[in-house]
Amino acid sequence: MEQNKNSKDKQLDLFRSIDKGKKLTTNQGLRISEDEHSLKAGYRGPTLMEDFHFREKMTHFDHERIPERVVHARGYAAHGEFELYESMAPYTKAAFLQKPGSKTPVFTRFSTVAGSRGSAETVRDVRGFAVKFYTEEGNYDLVGNNIPIFFIQDAIKFPDLVHAVKPEPHNEMPQAASAHDTFWDFVANNQESAHMIMWHMSDRTIPRSFRMMEGFGVHTFRFVNAKGEAHFVKFHWKPKLGVHSLVWDEAQKINGKDPDFHRRDLWESIEKGNFVEYELGVQLIEEKDEFMFPFDILDPTKIWPEEIVPVKIIGKMTLNRNVDNVFAETEQVAFHPGNVVPGIDFTNDPLLQGRLFSYTDTQLIRLGGPNFHELPINRPVCPFHNNQRDGYGRQTINVGQVSYHKNSLANNTPSTSTEEEGGYVHYQEKVEGRKIQARSESFADHFSQAKLFWNSMSITEKKHIVDAFSFEVGKVKDKNVRQQVVDMFANVDVGLATAIAEAVGAEFPTGVEESPVTDTSPALSMENTVKLPDTRKVAVLIGRNFNGAEVESVVKACVEAGVQVDIISEKFGILYGEDKFAVDVDETFLTVHPVLYDALYVVGGEADNPKKFRMDAADFIDEAYRHYKPIGVAKTGMALFEGSDAVAGPGIVIADTAAHFNEDFIAAIAAHRHWDREVYGWED
Ligand code: HDE
């Protein structure tokens with residue numbers, strides 16, 4: 001274990017305090033004899049000021065909270081490493097991107113954007129996807145999202161966007177949701193958001209798992225190689241398990257049944273050794289081709305379609321270690337898109353430029369001063385020296401008389417480095433222009449790529465987008481705002497806008513010219529993603545006296561395929577099959593719910609309360625069925641299945657009729673959802 005530790009792990013070891021088995025002391029190291037009773041004048045008398053242990057314990061407790069992040073407050077993180085597949089030397093001199101096989105420690109935090117720190121996790125929202133690479137040249141932060149574009153084009157509008165999406169100020173509702181008047185009022189009156197809203201209304205914003213979503217750097221950055229040549233670059237994270245989502249009804253229910261659904265999924269996967277993998281890809285455009293595209297490559301509301309600019313896969317990130325302490329690591333980590341290393345530089349994307357200011361500024365209040373880089377999770381693994389001094393919570397004891405540059409007393413050290421010595425030199429982009437408060441004409445087309453996205457969706461994805469708009473805009477109370485949204489999205493697609501209008505009782509759009517774009521980008525559709533059974537969760541509904549041989553074979557096949565199996569019954573304990581085959585119950589109908597599983601295996605059997613067992617099983621089956629999930633039915637499970645509203649069809653694998661039950665069931669689990677199942681009558 002010790003030899004597997006990377007440089008960041010070893011550094012964190014220095015700060016780890018293992019309290020288990022130790023004596024209780026004050027913060028001054030004094031051993032404590034009493035921690036149950038404060039010091040009092042007499043058994044029934046007042047507490048005395050003199051009780052320094054009481055005062056210290058209570059004072060520390062009173063100060064335990066820090067301000068949550070203004071956005072992305074609800075998050076969860078893990079440690080891991082990044083391994084390079086292929087040298088990027090032709091494009092960048094970044095040291096961690098030179099040698100194939102080289103490994104860099106990382107810390108990755110996923111988050112929702114709008115909700116507060118205690119909010120539920122499966123809300124409809126963009127997910128943050130922030131990665132800190134602890135490189136030998138300093139920390140590099142890729143602070144991205146799971147959507148490749150953004151709502152706005154200029155950072156000056158960010159406070160407005162965030163005020164609009166956060167709970168409304170007069171009544172602080174709704175929590176962690178965009179389905180309210182101010183958000184949609186913002187959208188309709190800031191039409192640069194059109195493309196992002198299409199993604200926001202798609203299933204991308206209700207991911208099944210952090211492990212099953214893509215990540216994007218969003219902005220256009222610059223790679224600069226050792227010769228000083230630059231390329232424009234966009235970053236992509238591609239999950240090895242593919243991109244998968246929840247169903248909206250399911251997502252809403254999970255928020256109640258398990259508000260920690262996403263963090264639990266990440267935590268448990270890592271604890272079980274199912275490490276989480278994403279490949280890193282880059283899209284590259286030569287400097288000379290900057291103006292070759294029908295969109296401005298600096299516009300953060302635009303993608304570079306993968307069919308036009310392919311994604312080159314260059315390495316893999318594996319998240320393999322949970323944190324020791326969520327506050328010390330996940331809460332105190334401070335990301336900043338301005339944390340770069342030589343070979344990675346910025347562009348003039350006006351959204352990125354504003355972010356370069358905001359991230360340090362926000363840490364100053366959140367982490368209480370300018371020394372947050374000294375917190376263990378934020379420290380680079382390489383040495384750092386400069387003349388910055390003092391401030392709240394300073395930990396470094398800077399030795400010596402000199403704290404200024406230039407000097408002779410310390411032989412002019414710490415000294416600057418030349419480019420050859422690894423000194424960061426900003427890319428010498430030529431810039432000239434008048435000082436203006438305006439946006440380039442090339443940023444003005446807000447609807448073409450929104451239409452490209454719409455065109456690229458499968459019929460199911462389109463239906464989900466219409467449903468999402470209908471829900472969100474349906475929650476808007478102001479009829480005028482509803483109408484404005486309908487009219488705005490007619491610019492994308494009149495059919496889409498008409499469907500929204502119909503659902504929310506607005507006038508059908510008239511006289512709006514919809515975008516003429518007919519292109520598609522197949523890479524945008526989640527239908528075309530990787531589909532694997534690995535780590536999917538199956539709920540096995542079972543009672544006593546089941547058919548042991550049958551169940552054993554199915555469970556074994558699932559486990560071999562990487563599927564996780566939970567045995568669910570009316571109460572905890574050991575259950576025996578007809579042939580004395582035994583299973584240990586993992587959960588009961590009371591402790592879990594079908595929305596927490598990807599698939600069902602209905603076994604049946606005897607129960608203490610057969611009627612309740614039948615009803616509970618029918619609830620599970622109905623719910624899984626309406627969420628398009630695979631359902632396997634054992635020979636003994638037929639009666640339960642027939643007692644539900646589910647009917648045989650896509651994704652339903654029945655032991656009595658299937659020629660190869662195990663294979664068919666696992667294939668159905670890999671497919672994840674069976675959209676062609678008739679549930680809502682919209683499978684045309
Ligand atoms: Fe952020 N963003 N952001 N953002 N952002 C923050 O920094 C900001 C934007 C993103 O897990 C804050 O430490 C501005 C785009 C992530 O700790 C704050 C603008 C993208 C996280 C801030 C943007 C992001 C943040 C709040 C408009 C995707 C969470 C707390 C120019 C590329 C990182 C904090 C974590 C967090 C500002 C837009 C991603 C206030 C001004 C675009 C993943 O500084």
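The values are calculated or read from the model by the stated rules, or taken from the named source; none is laboratory data. Everything numeric in this text was worked out from a predicted model, so none of it was measured. We place every Cβ from the backbone using ideal geometry, glycine too, and count neighbours over all the protein chains shown.
Take the conditions at pLDDT 95 or above, within 20 Å of residue 146 (Cβ to Cβ) and of a type in the set (Lys, Arg) and apply them to residue 263. Does it pass?
Spelling it out, residue 263 is indeed at pLDDT 95 or above, within 20 Å of residue 146 (Cβ to Cβ) and of a type in the set (Lys, Arg).
Being under 18 Å from residue 298 (Cα atoms) and among the polar types (S, T, N, Q) is the filter here, so list the residues in segment 403-439 that pass it.
Listed by number, the residues that qualify are 428, 437.
Only one of 506, 468 is assigned to a loop (DSSP other than H, G, I, E, B) and not assigned by TED's automatic domain parsing to the domain that holds residue 165. Can you tell me which?
506
Only one of (1) closer than 25 Å to residue 242 by Cα; (2) surrounded by fewer than 21 Cβ atoms within 10 Å (Cβ to Cβ); (3) of a type outside the set (Lys, Arg); (4) in contact with a Pro (Cβ under 9 Å, 6 or more places away or on another chain) is not met by residue 622, so which one is it?
Tallying (1) closer than 25 Å to residue 242 by Cα; (2) surrounded by fewer than 21 Cβ atoms within 10 Å (Cβ to Cβ); (3) of a type outside the set (Lys, Arg); (4) in contact with a Pro (Cβ under 9 Å, 6 or more places away or on another chain), residue 622 fails exactly one: (1).
Going through segment 645-659 one residue at a time, which ones are crowded, with 19+ Cβ neighbours inside 10 Å and under 14 Å from residue 621 (Cα atoms)?
Selection gives 646, 651, 652, 653, 654.
Scan segment 152-164 and report the pairs whose first residue is in contact (Cβ under 8 Å) with a residue 24 or more places away in the chain and assigned by TED's automatic domain parsing to the domain that holds residue 351 and whose second residue is among the hydroxyl-bearing types (Ser, Thr, Tyr) and more than 8 Å from the ligand (Cβ to nearest atom), with Cβ atoms within less than 7 Å and a gap of 6+ or a chain change.
152/193; 153/301
Specify which of the listed residues (34, 64, 68, 2) is farther than 30 Å from residue 175 by Cα, at pLDDT 95 or above and of a type in the set (D, E, K, R).
None of the others qualify; the one that does is 34.
Residues 194, 188, 176: which one is outside any strand (DSSP E or B) and either in the same structural domain as residue 483 (by TED's automatic domain parsing) or closer than 17 Å to residue 69 by Cα (or both)?
176
From the list 645, 622, 616, which one is assigned by TED's automatic domain parsing to the domain that holds residue 543 and in contact with a helix residue (DSSP H, G or I) (Cβ under 7 Å, 6 or more places away or on another chain)?
Numbers: 622 fails: in contact with a helix residue (DSSP H, G or I) (Cβ under 7 Å, 6 or more places away or on another chain); 616 fails: in contact with a helix residue (DSSP H, G or I) (Cβ under 7 Å, 6 or more places away or on another chain).
Going through 645, 622, 616 in turn, just one is assigned by TED's automatic domain parsing to the domain that holds residue 543 and in contact with a helix residue (DSSP H, G or I) (Cβ under 7 Å, 6 or more places away or on another chain): 645.
Can you tell me which condition residue 88 does not meet? The list is (1) under 19 Å from residue 330 (Cα atoms); (2) touching a Leu at 6+ places or on another chain (Cβ under 6 Å); (3) in a loop (DSSP other than H, G, I, E, B), and all the others hold.
Residue 88 satisfies every listed condition except (1).
Within segment 374-389, identify whether any single residue is farther than 30 Å from residue 93 by Cα and not assigned by TED's automatic domain parsing to the domain that holds residue 343, and answer yes or no.
yes
For the list (1) within 16 Å of the ligand (Cβ to nearest atom); (2) of a type in the set (D, E, K, R); (3) in contact (Cβ under 8 Å) with a residue 60 or more places away in the chain, I need the number of the one condition that residue 86 fails.
Just one mismatch for residue 86, condition (1).
Yes or no: segment 70-82 includes at least one residue that is under 26 Å from residue 236 (Cβ atoms) and away from the ligand (no atom under 16 Å from the Cβ).
yes
Answer yes or no: is there a residue in segment 77-84 that is surrounded by 15 or more Cβ atoms within 10 Å (Cβ to Cβ), at pLDDT 95 or above, among the aromatic types (Phe, Trp, Tyr) and part of a loop (DSSP other than H, G, I, E, B).
No, there is no match, as no residue in segment 77-84 is surrounded by 15 or more Cβ atoms within 10 Å (Cβ to Cβ), at pLDDT 95 or above, among the aromatic types (Phe, Trp, Tyr) and part of a loop (DSSP other than H, G, I, E, B).
Out of (1) within 16 Å of the ligand (Cβ to nearest atom); (2) surrounded by fewer than 23 Cβ atoms within 10 Å (Cβ to Cβ), the odd one out for residue 148 is which?
Result: residue 148 fails condition (2) only.
With the requirement that a residue be under 16 Å from residue 319 (Cβ atoms), among the charged types (D, E, K, R) and in contact with a helix residue (DSSP H, G or I) (Cβ under 7 Å, 6 or more places away or on another chain), what does segment 193-243 give you?
Matches in segment 193-243: 211 only.
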